[in-house]
Protein chains: 4
Amino acid sequence: MTEPPSARRGRPRSEAARRKVLEAARELLAERGLAGLTMEGIAARARVGKPTIYRQWPNAQAVAMDAFLEAEDGAPHVSGHAPALSALRRQLHGIAAVFSSPAGRSTAAMIAAAQNDSELAKVFRNRFILRGRETGRALLRQAMSEGAVRPDADLEVALDLIYAPLFFRLLIGHGPLDRGFTDALLDMALVGVRAER
Amino acid sequence: MTEPPSARRGRPRSEAARRKVLEAARELLAERGLAGLTMEGIAARARVGKPTIYRQWPNAQAVAMDAFLEAEDGAPHVSGHAPALSALRRQLHGIAAVFSSPAGRSTAAMIAAAQNDSELAKVFRNRFILRGRETGRALLRQAMSEGAVRPDADLEVALDLIYAPLFFRLLIGHGPLDRGFTDALLDMALVGVRAER
Amino acid sequence: MTEPPSARRGRPRSEAARRKVLEAARELLAERGLAGLTMEGIAARARVGKPTIYRQWPNAQAVAMDAFLEAEDGAPHVSGHAPALSALRRQLHGIAAVFSSPAGRSTAAMIAAAQNDSELAKVFRNRFILRGRETGRALLRQAMSEGAVRPDADLEVALDLIYAPLFFRLLIGHGPLDRGFTDALLDMALVGVRAER
Amino acid sequence: MTEPPSARRGRPRSEAARRKVLEAARELLAERGLAGLTMEGIAARARVGKPTIYRQWPNAQAVAMDAFLEAEDGAPHVSGHAPALSALRRQLHGIAAVFSSPAGRSTAAMIAAAQNDSELAKVFRNRFILRGRETGRALLRQAMSEGAVRPDADLEVALDLIYAPLFFRLLIGHGPLDRGFTDALLDMALVGVRAER
DNA sequence: CGGTAAACGAGACGGTACGTCGTGTCTTTGA
DNA sequence: TCAAAGACACGACGTACCGTCTCGTTTACCG
């Protein structure tokens with residue numbers, strides 16, 4: 001049983017409050033960025049007391065992370081019955097598009113936030129990165145069974161090879177994050193850099 | 001002439017103060033991390049007035065960036081007359097080693113700091129990332145002329161393919177950053193993921 | 001009604017904090033004088049946050065004024081059933097004694113502070129000067145009814161004639177502020193400077 | 001001998017700088033009051049280096065005092081061959097007029113400044129108060145010889161009786177400082193408060 | 001008349017205090 | 001009995017001045 005023995009007494013926690021907080025956090029993140037996000041600001045915007053927020057999140061970045069992940073969960077995921085490599089390419093195009101949009105800044109901000117807080121890092125890794133890698137891993141495995149990927153390839157390394165450059169350009173901003181780059185990246189990951197023998 | 005005609009007037013800035021500030025920043029960064037780095041802390045540790053710091057840097061993260069880059073400039077660089085691919089492998093091993101050490105946390109912290117400050121991002125990109133890429137680009141070019149790399153390879157994409165996964169693992173921490181990974185990564189980047197025809 | 005319908009919400013202001021602040025201010029005033037009184041010093045001594053002080057007072061001099069006035073309110077006041085002129089003389093002796101003691105420096109400091117801040121000036125005038133004048137005015141009125149003071153005398157002018165020289169000597173320090181001066185002053189105020197006809 | 005044997009060597013102090021500083025101080029005093037007067041502000045306004053000011057004055061209030069006294073010395077003094085009491089009355093009218101003008105605020109500010117600095121107090125007393133009292137004392141002495149003032153009157157007390165109320169009203173602001181008050185004050189000081197026998 | 005010592009302007013220095021903001025905790029009233 | 005409001009102790013922020021210290025540049029005197 002998860003129910004407390006005496007039912008729960010007093011005023012129950014407001015689900016509405018949780019929603020208001022996350023909504024306010026999303027707005028403030030969009031308006032002022034992660035650095036401009038404060039507990040006071042969230043409380044004021046959400047018309048909620050600060051202790052109500054502290055009861056559920058330890059700090060403003062944790063609220064931001066929740067808001068980010070909740071928005072992310074609602075995003076559409078690739079699926080279908082196309083050849084795996086086509087699906088993979090489409091997925092990469094999607095990621096590049098998101099990373100080039102304002103949402104990309106949020107992703108970068110979350111990665112940045114995770115550098116100072118191991119708990120946040122764990123949550124971000126599990127609910128954002130690993131979830132995405134699972135999709136990618138499934139696609140690669142399917143491509144392998146279709147004979148399009150070498151059967152001895154180490155998928156974990158392959159996943160880094162394919163996805164990391166997108167994150168790298170997002171975070172460093174040293175080059176474009178467009179279709180051209182994405183295609184060139186995938187092609188090169190497939191055939192390798194080495195000269196033909 | 002863009003030179004001011006009468007040179008600069010007034011008491012010149014103290015090089016000693018600059019050194020004390022950066023030294024203090026380095027110590028505090030090592031002790032407490034970027035989040036625990038404050039202008040007041042730096043000033044107190046360096047025995048320097050706060051305005052002296054603000055005269056040269058706009059905020060604590062900018063001090064940290066300067067301290068980081070100055071330390072980085074002193075680091076040894078790869079060189080030698082070995083075959084280019086061997087040199088590249090050695091360089092990647094070195095990067096992986098640094099990223100696995102406490103210095104790696106600093107690098108991650110700088111990338112995080114750059115996400116909130118475009119000026120910082122520019123400095124970091126130019127003085128850290130691009131400098132490293134230049135080395136890598138030279139190696140790849142040499143490998144190309146040695147016939148070890150396909151002559152039509154897009155070096156910019158190849159650089160991302162090879163370096164990005166190291167940064168990705170540093171920032172996300174989803175897998176090891178050891179010799180095994182580095183070797184597997186370079187090998188896969190060279191031969192590609194695609195199944196043999 | 002100008003009353004808010006739901007009284008005031010939130011945590012009420014702490015009376016303990018107010019007391020601690022005024023007590024600390026009094027100590028620091030005694031130790032270092034008005035010029036050495038700072039908001040930071042008060043906050044540290046009172047173990048109170050600076051915003052707690054700023055919530056109630058706009059600056060250190062306002063705190064000092066409150067501390068001064070609160071101490072003053074506790075001081076004994078002249079009273080009794082003696083002839084009014086005797087009571088007046090006793091009151092003047094008391095003032096001269098206070099002005100010659102360290103408390104006199106505080107009074108002078110408050111007058112000085114009031115010169116730069118009209119709000120402070122108003123409070124000081126109403127709660128210190130006018131209160132004292134009321135006592136004096138009552139005494140003079142009583143003396144008038146006793147036939148000891150001319151019935152057509154302008155009491156406001158008479159009050160200045162009698163009290164101002166004490167303040168003047170306090171502030172300028174050009175002469176003693178003792179019983180001899182006080183008596184001579186009152187006598188001369190009573191009989192006037194003019195030669196007999 | 002305390003005199004240096006070879007007179008003073010090097011570049012002599014600039015009289016122009018002294019004038020510029022005092023002029024700037026006067027302007028800033030008029031614009032922003034004593035509280036808003038800073039060494040930096042004076043230096044900037046006078047186009048003079050800060051050390052040039054510190055070489056001649058210990059702090060901003062000392063500059064202000066010098067500026068005030070220098071302006072005061074230039075003011076016209078009462079004189080003439082009228083009956084002493086008429087001259088005295090005219091002098092009091094003049095003081096009341098000055099005290100009611102912006103220049104009065106400066107006088108009040110100087111008295112305030114003198115409360116925190118005994119050196120300043122001494123200078124102000126000697127060069128402003130005592131000088132004025134000398135004039136008053138001379139007038140009273142003359143009135144005495146004319147038979148208009150009692151020959152046994154203590155002039156020091158009489159001076160306080162007559163002048164102090166003007167300063168008092170200047171500093172406290174509890175009543176008007178006009179001709180009416182001045183006349184009533186002098187009349188009452190002459191005939192006294194006491195009822196006729 | 002050429003050195004030289006001191007004052008000059010400018011402005012950076014190590015500091016202190018300012019007044020504000022945000023933190024995370026607490027204590028009220030109101031629902 | 002929990003939520004909102006908001007005060008609390010704390011501490012960092014970035015700024016303004018303080019009074020002192022170099023700088024390179026005049027400027028008058030003295031040898």
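Bear in mind these aren't lab numbers, they're just calculated from the coordinates by the rules spelled out. Here the structure is a predicted model, which means the values were calculated and not measured. When we count neighbours, we look across all protein chains shown, and the Cβ atoms used for this are built from the backbone with ideal geometry, even at glycine.
One equal scatterer on each Cα of the stretch B:91-197, no solvent, Debye formula: the resulting log10 I(q)/I(0) at q = 0.11, 0.13, 0.21 Å⁻¹ is -0.39, -0.54, -1.23. The Cα atoms of chain D cover 72, 44, 29 Å along the three principal axes, with the biggest extent listed first. If we count every other residue with Cβ under 12 angstrom of D:H93's Cβ, Lys/Arg +1 and Asp/Glu -1, where does the sum land? Surrounding charge for D:H93 is +1. Taking the fewest neighbouring Cβ atoms within 10 Å as the starting point, the ordered list for A:V48, D:V157, C:V21 is A:V48, D:V157, C:V21. In this simple spin-label model, placing a label point 7 Å from the Cα along the Cα-to-Cβ direction at both A:T38 and B:A35 gives a separation of 1.8 nm. What Kirkwood hydrodynamic radius, in Å, does the stretch D:108-147 give when the mean of 1/r is taken over all pairs of distinct Cα atoms and then inverted? Answer for the stretch D:108-147: a Kirkwood hydrodynamic radius of 11.3 Å. Each Cα pair under 8 Å and six or more residues apart adds its sequence gap; the mean of these over the residue count of chain C is a relative contact order of 18 percent. Only helices reaching 15 angstrom along their own axis (Cα) with mean Kyte-Doolittle hydropathy no lower than 1.0 count here, and for the DSSP H runs of chain A these are A:155-172.
Expressed as a whole percent, how much of the Cα-Cα distance distribution for the protein assembly as shown exceeds 52 Å? Please report the intermediate quantities before stating the final value.
Numbers: 140029 of 310078 pairs.
For the protein assembly as shown, the fraction of Cα-Cα distances above 52 Å is 45 percent.
The charge dipole of the protein assembly as shown, taken about the Cα centre with unit charges on the Cβ atoms of Lys, Arg (+1) and Asp, Glu (-1), comes to about 260 debye, rounded to the nearest 20. Taken along its three principal axes, the alpha carbon spread of the stretch B:11-55 comes to 34, 15, 13 Å, from the longest extent down to the shortest. Quick one: which of A:K50/C:K50; B:K122/C:K50; C:K50/D:K122; C:K122/D:K50; B:K20/D:K20 span more than 29 angstrom between C-alpha atoms? From A:K50/C:K50; B:K122/C:K50; C:K50/D:K122; C:K122/D:K50; B:K20/D:K20, over 29 Å: B:K122/C:K50; C:K50/D:K122; C:K122/D:K50; B:K20/D:K20.
Between A:A138 and A:K122, the distance separating the two model label sites (each 7 Å from Cα on the Cα→Cβ line) works out to 2.6 nm. With Cβ to Cβ distances under 15 Å as the rule, what net charge do the other residues near C:E156 carry (K, R +1; D, E -1)? It works out to a net charge of -1. Using a simple spin-label model with pseudo-atoms 7 Å out from Cα toward Cβ, A:D178 and A:E15 lie 4.6 nm apart. Cβ crowding within 10 Å ranks C:E31, D:E72 as C:E31, D:E72, fewest other Cβ atoms first.
Based on other C-beta atoms within 10 Å, arrange A:T107, A:T182 from fewest to most.
Working: A:T107 21, A:T182 25.
By the 10 Å Cβ count, ascending, the order reads A:T107, A:T182.
For C:V149, the residues 5 or more places off, or on other chains, whose built amide H falls under 5 Å of its own are C:M144, D:A195.
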